[in-house]
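Comments concern the structure below.
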Amino acid sequence: MRKSKAELNFSAVVDDVKASPFMDLQSRLDELQDNGMTALTIRTVLFNKMLDMHSVPADHFLRKESAPSRLDDPKIIETLNDLGFYKQSKVVH
């Protein structure tokens with residue numbers, strides 16, 4: 001007898017009153033993955049966005065390296081700061 005594996009979809013569970021933006025973000029990430037983008041590709045995009053936020057030039061060696069496995073590692077920011085790159089502050093007009 002064959003057992004078929006049921007595909008389960010879990011929606012993000014957030015009990016915060018301000019959860020709407022996170023649920024929207026989760027929905028968009030799910031859509032990207034459903035359209036074929038892998039988690040590794042998403043991590044690479046997020047790493048490059050982090051480099052953008054720290055004004056790292058497009059031709060810098062950091063952009064040629066593979067994305068770290070943990071984007072929340074504080075050593076990434078320390079390395080950026082040691083190299084003279086700091087997060088841009090938001091300008092309010």
- The answer for the net charge of residues other than R28 whose Cβ lies under 15 angstrom from its Cβ, with Lys and Arg +1 and Asp and Glu -1, is -3
- Quick one: with all protein chains in place, what share of the accessible area of region 22-83 is carbon or sulfur, to the nearest percent (1.4 Å probe)? 57 percent
- Message: Using the Karplus curve 6.51 cos²θ - 1.76 cosθ + 1.60 with θ = phi - 60°, what ³J(HN,Hα) values do you get for each residue of region 56-70, in whole Hz, with x for Gly and Pro?
- Response: 7, x, 4, 9, 6, 4, 4, 6, 8, 7, 6, 5, x, 5, 10
- Message: Just to check I understand the Karplus step: with θ = phi - 60° and J = 6.51 cos²θ - 1.76 cosθ + 1.60, what whole-Hz values come out for region 44-49, glycine and proline as x?
- Response: 5, 4, 5, 5, 5, 5
- Pop out the ³J(HN,Hα) list for region 30-38 in order, Karplus 6.51 cos²θ - 1.76 cosθ + 1.60 with θ = phi - 60°, rounded to Hz; leave Gly and Pro as x. 4, 5, 4, 5, 5, 8, x, 6, 7
- Query: Per residue, how many Å² of accessible area does region 22-83 show with a 1.4 Å probe?
  - Reply: 73 Å²
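The values are calculated or read from the model by the stated rules, or taken from the named source; none is laboratory data. Worth saying up front: this structure is predicted, and the values here are computed from it rather than measured. Glycine gets a Cβ as well: all are built from the backbone with ideal geometry, and neighbour counts include every protein chain shown. Please note that ligands, DNA and RNA were not included when accessible areas were found on the heavy atoms of the full protein model with its side chains. Shrake-Rupley method; radii C 1.70, N 1.55, O 1.52, S 1.80 Å.
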